[in-house]
Amino acid sequence: MKTVSRLSITILSDNFSSTLMPPLMGEWGFSAYIETDNAKILYDVGNSGIPLLHNSRALGIDLESVDYLVLSHGHLDHTGGLRNEELRRKLRGKVILAHPGIFDRKFINWRDKMEYIGLPVAIDEEFRPILTREPIEFASGIMFSGEVKNYGFPRYVKGMYKATDAGLAPDLMLDDTALYINVKDKGLVIVTGCGHSGILNVLNHAREVTGVRKVIGTVGGLHLLSSDPKEVQEVMDRLKTEVIKISPAHCSGNLAKVLAGEKYQEAGVGSVLNFEDIS
């Protein structure tokens, strides 16, 4: 796998804001702007697109200059921003990378009621979708994971369903993907949206498909918010032995942030994550 010389990740949409100035907006969802020496990537678009647009303007990020839009999976809190006409206009014609399962009609059992939480708009007419289950290095040093294999670690799909010809069925969230970015002379940075695949499965998959063993950072959702505290402890204990910096966001939960300990790196709205100081 090739490398990038420079990597910056700015959190544009998350549940929490990390800055006092400029005033930024949060919502339940996730979006990150990723810039390397050879590519500009918008990773997910949040729930409504409103905070994403506001925060990008406040932080001086030109969304129209983005080279790629990557959608981590099909859930509304990561794709819902595409309902926003202004955001869609700024991104029109961009390449979208996603797993083909992103088109599944997705539901969640929310307070004993099935709620639709899938992709809100069609993406095949206004954008240039690249849909793949396989890993693909779509820009130098940046790999879209494709479908994440199981390595015996937990996946987080409880209460998730999708429509089938026979009715609603459990959704194994095979469309849940990640980005693997290989920083020159440093190692891998893994970016997740929700982490339904399980961060420990993602970690092993990243090493297998990139051939890079050293993982210097994880950024994004870990989907541990509703997990049993003992399981959160086990996952974070293992993750801390494998990764140098841990930046839990969105659905990770406060316990995961606390348990990251000295390896914790904040990833709320406005956070700008760099990895140059890691050796």
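The values are calculated or read from the model by the stated rules, or taken from the named source; none is laboratory data. Nothing here was measured: the structure is a model prediction, and the numbers come from that model. As a convention, Cβ positions derive from the backbone with ideal geometry for all residues, glycine included, and neighbour counts pool all protein chains shown.
Report, by residue number, each residue of segment 191-235 that is more than 26 Å from Ile142 (Cβ to Cβ) and either over 18 Å from the mean Cα position of the chain (by Cα) or of a type in the set (S, T, N, Q) (or both). If the condition is that a residue be more than 26 Å from Ile142 (Cβ to Cβ) and either over 18 Å from the mean Cα position of the chain (by Cα) or of a type in the set (S, T, N, Q) (or both), then Ser226, Ser227, Asp228, Pro229, Lys230, Glu231, Val232, Gln233, Glu234 are the ones that fit. Scanning segment 233-276 for residues that are among the aromatic types (Phe, Trp, Tyr) and not in a strand (DSSP E or B) gives a single hit, Phe275. Can you name every residue in segment 136-152 that is touching an Asp or Glu at 6+ places or on another chain (Cβ under 9 Å) and not in a loop (DSSP other than H, G, I, E, B)? Once the filter is applied, which keeps residues that are touching an Asp or Glu at 6+ places or on another chain (Cβ under 9 Å) and not in a loop (DSSP other than H, G, I, E, B), segment 136-152 yields Ala139, Met143, Phe144.
Evaluated against (1) surrounded by 18 or more Cβ atoms within 10 Å (Cβ to Cβ); (2) assigned to a strand (DSSP E or B); (3) of a type outside the set (D, E, K, R); (4) out of contact with any Asp or Glu (no Cβ under 6 Å at 6 or more places or on another chain), Tyr161 falls short on exactly one condition, (4).
Taken together, the criteria exclude Arg155 from residues that are assigned to a loop (DSSP other than H, G, I, E, B), touching a residue at least 24 places away in the same chain (Cβ under 8 Å) and more than 24 Å from Val243 (Cα to Cα).
Scanning segment 164-189 for residues that are part of a loop (DSSP other than H, G, I, E, B), aliphatic (A, V, I, L, M) and free of Cβ contacts under 8 Å to residues at least 12 places away in the same chain gives a single hit, Ala166. For Ser279, which of the numbered conditions (1) outside any strand (DSSP E or B); (2) among the hydroxyl-bearing types (Ser, Thr, Tyr); (3) modelled with pLDDT of 95 or more fails to hold? That leaves (3) as the condition not met. Within segment 236-256, the residues that satisfy the criterion of being surrounded by fewer than 21 Cβ atoms within 10 Å (Cβ to Cβ) and either without any contact (Cβ under 8 Å) to a residue 12 or more places away in the chain or over 29 Å from Met25 (Cβ atoms) (or both) are Asp237, Arg238, Lys240, Thr241, Glu242, Ile244, Asn254.
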